[in-house]
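Engineer: Here it is: the structure, laid out below.
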Amino acid sequence: ETGVTQTPRHLVMGMTNKKSLKCEQHLGHNAMYWYKQSAKKPLELMFVYNFKEQTENNSVPSRFSPECPNSSHLFLHLHTLQPEDSALYLCASSQDSLEVNQPQHFGDGTRLSIL
Amino acid sequence: GESVGLHLPTLSVQEGDNSIINCAYSNSASDYFIWYKQESGKGPQFIIDIRSNMDKRQGQRVTVLLNKTVKHLSLQIAATQPGDSAVYFCAENIGNTGKLIFGQGTTLQVKP
């Protein structure tokens with residue numbers, strides 16, 4: 001149990017579908033992150049939220065839309081995805097994204113497959 | 001440029017032996033480093049971290065060594081067990097941000 005819970009664990013969707021990934025953290029952290037993990041590649045940072053405000057969008061296509069209603073919840077809304085978007089999507093949290101010298105804690109990810 | 005890399009994609013060790021996993025980084029301004037372990041079907045799990053004002057830090061069966069002169073980081077696992085089989089990532093926390101840059105990962109295989 002990492003304190004960061006992601007749902008669903010697996011998702012298969014067509015390119016025209018709309019779906020959402022959910023992340024919830026029970027660590028009392030104020031920063032939350034979305035990462036994409038593809039085979040044979042390092043983790044790619046997508047979005048950062050700090051105290052509910054988006055502080056980083058790492059040139060992510062607009063078909064990915066994040067939402068952070070409070071410091072404990074983070075969503076990633078998906079629309080009109082492409083086959084190359086198939087990957088493991090990881091959520092992480094930390095105390096404060098502007099503070100250095102602190103680790104991020106990860107959920108177990110959502111395995112996304114685009115048909 | 002900013003990059004974090006591991007020397008070997010795969011490391012195979014005998015159960016009971018010590019394992020050493022290496023990581024090279026390129027940014028001399030980096031001041032915080034983390035090792036993560038990722039088992040199959042799970043997310044990265046925090047193992048141990050080290051700040052740039054230290055050159056060694058020990059945990060339970062794990063030791064992280066930092067050599068700032070050659071920009072090298074290593075993770076040593078003592079008495080490696082089958083449960084240590086996983087992919088290990090180093091990550092670098094740069095400057096005044098909480099942003100992490102990850103290496104590509106080394107797969108540790110433990111032979112019984």
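The values are calculated or read from the model by the stated rules, or taken from the named source; none is laboratory data. Since this is a predicted model, take the numbers as computed values, not measurements. Every residue, glycine as well, gets a Cβ built from its backbone with ideal geometry; the counts of neighbours run over all protein chains shown.
Engineer: Could you count how many residues in region B:35-60 are within 28 Å of residue A:88 (Cα to Cα) and either of a type in the set (Ser, Thr, Tyr) or not in a loop (DSSP other than H, G, I, E, B) (or both)?
Structural biologist: Selection size over region B:35-60: 11.
Engineer: Oh, and also: Residue by residue through region B:43-69, note down the ones that are free of Cβ contacts under 8 Å to residues at least 24 places away in the same chain and of a type in the set (Val, Ile, Thr).
Structural biologist: Matches in region B:43-69: B:50, B:63, B:69.
Engineer: In region A:26-45, how many residues are assigned to a strand (DSSP E or B) and more than 12 Å from chain B (Cβ to nearest Cβ)?
Structural biologist: 1
Engineer: Being assigned to a loop (DSSP other than H, G, I, E, B), within 18 Å of residue B:11 (Cβ to Cβ) and at pLDDT 90 or above is true for just one of B:80, B:69, B:63. Which residue is that?
Structural biologist: Exactly one of B:80, B:69, B:63 is assigned to a loop (DSSP other than H, G, I, E, B), within 18 Å of residue B:11 (Cβ to Cβ) and at pLDDT 90 or above, namely B:80.
Engineer: In this structure, does residue A:65 turn out to be under 11 Å from the mean Cα position of the chain (by Cα), in contact (Cβ under 8 Å) with a residue 60 or more places away in the chain and not in a loop (DSSP other than H, G, I, E, B)?
Structural biologist: In short, no.
Engineer: Suppose we keep only residues that are at the interface with chain A (Cβ under 10 Å from one of its Cβ atoms) and out of contact with any Phe, Trp or Tyr (no Cβ under 7 Å at 6 or more places or on another chain) within region B:34-51. Which one would you say is surrounded by the fewest Cβ atoms within 10 Å (Cβ to Cβ)?
Structural biologist: B:41
Engineer: Among what's in region B:75-100 and is of a type in the set (Val, Ile, Thr), buried (at least 17 other Cβ atoms within 10 Å of the Cβ) and farther than 14 Å from residue B:35 by Cβ, pick the residue that is nearest to the other protein chains (Cβ to nearest Cβ).
Structural biologist: B:94
Engineer: Can you tell me how many residues within region B:101-111 are over 13 Å from the mean Cα position of the chain (by Cα) and either free of Cβ contacts under 8 Å to residues at least 24 places away in the same chain or closer than 14 Å to residue B:33 by Cβ (or both)?
Structural biologist: Residues flagged as over 13 Å from the mean Cα position of the chain (by Cα) and either free of Cβ contacts under 8 Å to residues at least 24 places away in the same chain or closer than 14 Å to residue B:33 by Cβ (or both) within region B:101-111 amount to 0.
Engineer: Would you point out the residue of region A:1-16, among those that are part of a loop (DSSP other than H, G, I, E, B) and in contact (Cβ under 8 Å) with a residue 60 or more places away in the chain, that is farthest from the other protein chains (Cβ to nearest Cβ)?
Structural biologist: Ranking the candidates gives A:16 first.
Engineer: In addition: Out of region A:70-112, which residues are more than 7 Å from chain B (Cβ to nearest Cβ), within 11 Å of residue A:5 (Cα to Cα) and among the aliphatic types (A, V, I, L, M)?
Structural biologist: Result: A:74, A:92.
Engineer: Could I ask something else about it? Suppose the filter is more than 19 Å from residue A:97 (Cβ to Cβ), of a type in the set (Ser, Thr, Tyr) and in contact (Cβ under 8 Å) with a residue 12 or more places away in the chain; does residue B:40 pass it?
Structural biologist: Against the criterion (more than 19 Å from residue A:97 (Cβ to Cβ), of a type in the set (Ser, Thr, Tyr) and in contact (Cβ under 8 Å) with a residue 12 or more places away in the chain), residue B:40 qualifies.
Engineer: Additional query: Would you check which residues across region B:101-112 are within 13 Å of chain A (Cβ to nearest Cβ) and of a type outside the set (Val, Ile, Thr) and list them?
Structural biologist: Selection gives B:102, B:103, B:104, B:105.
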